[in-house]
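The structure appears below as structure tokens.
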Amino acid sequence: MALRVGCAAPPGRARDNKTGTWRVFKPVFDPETCNRCGMCAMVCPEGCVRETEEGTFEPDLDYCKGCGICEEICPKKSIRMEKEEK
Amino acid sequence: MLEFMEGSHAVAEIVKRCRPQVISAYPITPQTHIVEDLAQMVANCELDAEYITVESEFSALSACLGASAAGSRVYSATTSQGLALMFEVCFNVAGMRQPIVMTIANRSLGAPLSIWNDQQDSISLRDSGWLQFYAEDNQETADLHMIAYKVCEDHDILLPAFVCFDGFILTHTYEPVSLPTQEEVDAYLPAFTPYQRLDAANPLSMGMYATPEYYMEFRYEIDRAMQRARQSFIKAGREFGEQFGRDYSGLVEGYRLEDADTALIAMGSICGTVKDAIDEMRDAGKKVGLLKIRTYRPFPAPEIVDALKGVSTVAVLDKNISLGNGGAVGTEVKSALYGSGVTVYDYIIALGGRDVRKRDIAAVVDLAEKGKGDMFYGLRTEVL
Amino acid sequence: MTAAELIAFAAFEGGAYAQAFPAFGVERRGAPVQAFVRFSDAKIRLRSQIYEPDYIIVQDSTLIGDVNVFMGMRAGGIAIVNTEKPDFDSRVPEGVKVYTVDATTIALEELGVPITNTTLMGAFAAATGEIGLEPLKHALQRRFSGSMAEKNIRAAERAYNLIGGAA
């Protein structure tokens with residue numbers, strides 16, 4: 001493996017690091033009570049909340065670190081942080 | 001009294017006791033804990049100093065230079081990229097003979113980007129006119145700050161100083177340190193009396209333009225001050241020993257060197273690991289010793305020659321590389337020992353924070369005794 | 001890192017020369033980090049990382065799948081692992097004794113946050129006998145104040161008693 005001149009590297013390597021293993025608490029989204037405001041997706045610092053086909057939202061558990069900001073912001077209390085069984 | 005604390009915290013505590021009047025510093029890993037602690041002390045009115053926050057290291061040292069020229073005892077701290085950003089100002093500080101003391105939390109220089117330790121940063125400013133002191137542990141780091149102010153502010157010297165300690169290895173290590181009281185520091189380090197200062201009542205300019213008729217003589221004067229700093233350091237170090245019981249009168253320090261065939265030369269925290277390795281090698285019958293360099297500038301050439309009488313082989317551990325010409329310390333040691341008959345080998349080691357074990361020290365000694373040197377030690381050829 | 005610092009501090013308070021330092025420098029929570037502690041009767045000069053630990057504390061058991069956390073341990077060594085499952089696949093070398101403690105739950109209950117360093121400190125003290133319970137409490141009182149000290153002492157003591165029963 002030759003070291004690349006200029007310490008150069010292509011983009012996208014961060015995707016290999018599945019930070020989901022870091023979390024202690026996991027977000028659980030309830031689509032029934034979701035009002036589709038999209039605040040959770042907007043505030044997630046990791047871009048780990050995506051919109052579903054129905055217009056509700058779900059977490060990307062591969063990368064979600066369990067910070068709980070989505071639970072904090074949800075106006076419908078539709079998201080709960082639960083301790084994860086590992 | 002021994003207290004258990006992080007190296008950075010010990011530095012902040014000792015700097016506080018040195019009563020700086022102006023601090024200007026910019027945070028950079030691994031120095032951040034020092035400047036954060038000092039800022040907190042100023043905010044809490046534990047330290048009566050003006051803390052000037054700036055947007056970069058260039059401004060930090062510029063602010064320090066201005067404050068020093070105006071007659072204040074000044075402090076700053078930086079490392080690596082931050083020190084590099086201060087490059088121009090460093091030469092101006094020394095040229096204007098301002099006794100600024102700056103902690104360097106030694107860290108490697110990018111590219112490639114690295115936050116980990118080596119001594120490239122301070123060593124790369126060896127031409128600047130700043131005195132350079134290297135600490136083996138956090139106690140020595142704290143002590144050298146007091147000695148630095150004393151030496152720098154001597155009107156016969158009037159030069160700035162880097163007090164260097166290895167990033168993470170010392171800055172972020174918790175170990176016992178004995179901190180003197182404020183009274184004890186005041187007894188050792190009196191209040192700052194500037195040699196001259198900017199004063200509207202008695203105006204003068206500093207750092208003015210010099211034509212070819214004068215420039216060289218100014219530079220000669222700085223070099224002479226550097227040479228005088230040798231005796232000044234020895235005196236200040238001896239006085240420190242008399243007051244605090246820890247002697248620093250040596251520009252260099254030998255460890256089990258008396259009957260050594262092979263000597264290692266090193267600076268900084270690596271010396272601790274080397275000493276343990278030497279004890280093991282000695283137990284196995286090898287006659288090895290260490291010559292630790294404490295003051296890198298002024299370079300202690302005569303002390304090195306003197307300490308190595310009787311040694312046949314020298315292995316210099318360089319945590320730096322002057323790209324295109326080998327390790328800086330090795331090159332200078334070779335120059336000092338020119339004509340002496342001692343064989344000197346240079347080993348580039350531990351760049352970018354690579355860990356050094358006792359077995360690595362033993363391997364270097366082995367290489368030197370087999371006549372193999374002037375190389376990168378421990379190169380991972382499989383990634384080349 | 002704080003777990004290492006606390007253990008080293010407790011050892012220092014007990015009269016030893018202690019040294020604690022991190023492997024990775026990035027100062028943030030959540031990322032895998034390694035820290036080292038040495039304590040001795042004599043001054044410690046050695047600065048290298050630790051490759052043959054006598055003891056190891058694993059704060060995050062999910063690391064065990066990815067990294068050989070027990071590398072370098074020899075027979076007689078002791079490992080303390082934070083996990084809910086006492087029968088997890090530990091991959092521990094021959095002759096190394098493993099103690100498990102659900103430090104996350106204890107920390108959540110006593111401190112309200114899953115910060116396990118003081119809990120694991122209690123487990124370490126009981127499992128290895130290197131630090132007594134009283135010096136440990138004293139160290140926590142020195143490092144934390146008021147109710148924080150009380151809560152951390154409770155967490156440490158719970159783990160201490162749990163392990164003490166199994167030791």
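Only the coordinates and a few stated rules stand behind these numbers; no lab work does. Keep in mind that what you see is a predicted model, and the values were worked out from it rather than measured. Here the Cβ is made from the backbone with ideal geometry for all residues, glycine too, and neighbour counts use every protein chain on show.
At-a-glance table
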item	result
Overall form of segment B:35-175 per C-alpha gyration tensor (a/c, 1.5; a/b vs b/c)	rounded
Phi to ³J(HN,Hα) by Karplus 6.51 cos²θ - 1.76 cosθ + 1.60 over segment B:303-315, Hz, x for Gly, Pro	5, 5, 4, 5, 5, 9, 4, x, 8, 9, 10, 10, 10
Rg/Rh for chain A, where both radii come from Cα atoms and Rh is the Kirkwood radius	1.13
Base-10 log of normalised Debye intensity for segment B:2-244 (one unit scatterer per alpha-carbon) at q = 0.11, 0.17 Å⁻¹	-0.53, -1.33
Backbone HN-Hα couplings from phi across segment B:250-259 [Karplus 6.51/-1.76/1.60, Hz, Gly and Pro as x]	x, 5, 10, 9, x, 10, 6, 9, 3, 10
Amide proton proximity set for residue B:161, modelled H, under 5 Å, gap of 5+	B:100, B:101, B:102, B:131
Segments B:83-93, C:61-71, C:149-159 sorted - mean Cβ within 10 Å per residue, highest first	C:149-159, B:83-93, C:61-71
Cα Rg, Dmax, segment B:152-244, angstrom units	18.2, 54
Packing rank of B:121-131, B:107-117, where each peptide gets the mean count of other beta carbons within 10 Å, highest leading	B:121-131, B:107-117
Environment charge of residue B:249, counting only residues whose C-beta is closer than 15 Å and scoring Lys/Arg +1, Asp/Glu -1	-1
For residues of C:48-57, the mean tally of beta carbons on other chains within 10 Å	2
Kirkwood estimate for the protein assembly as shown, i.e. one over the average of 1/r between Cα atoms, Å	27.1 Å
Interchain or long-range residues, amide H under 5 Å from residue B:52's placed H	B:23, B:24, B:25
Positive-end residue, chain C charge dipole about Cα centroid, Cβ charges, pick of C:145, C:69, C:121	C:145
Shielding by partners, peptide B:167-179 (average Cβ within 10 angstrom, other chains)	5
Most to least packed among B:178-187, B:276-285, B:248-257, B:70-79 [average Cβ atoms within 10 Å]	B:70-79, B:248-257, B:276-285, B:178-187
Proximal charge balance of residue B:336 [Cβ under 12 Å; K/R count +1, D/E count -1]	-2
Radius 12 Å from Cβ of residue B:12, net charge of other residues (Lys, Arg +1; Asp, Glu -1)	-3
J(HN,Hα) series, segment C:70-83, from Karplus relation 6.51 cos²θ - 1.76 cosθ + 1.60, nearest Hz, glycine and proline x	9, 4, x, 6, 10, 4, x, x, 10, 10, 10, 10, 7, 7
Principal-axis tilt of helix B:7-17 within chain B, Cα atoms, nearest 10 degrees	40 degrees
Built amide H within the under 5 Å cut-off of residue B:376, gap 5+	B:348
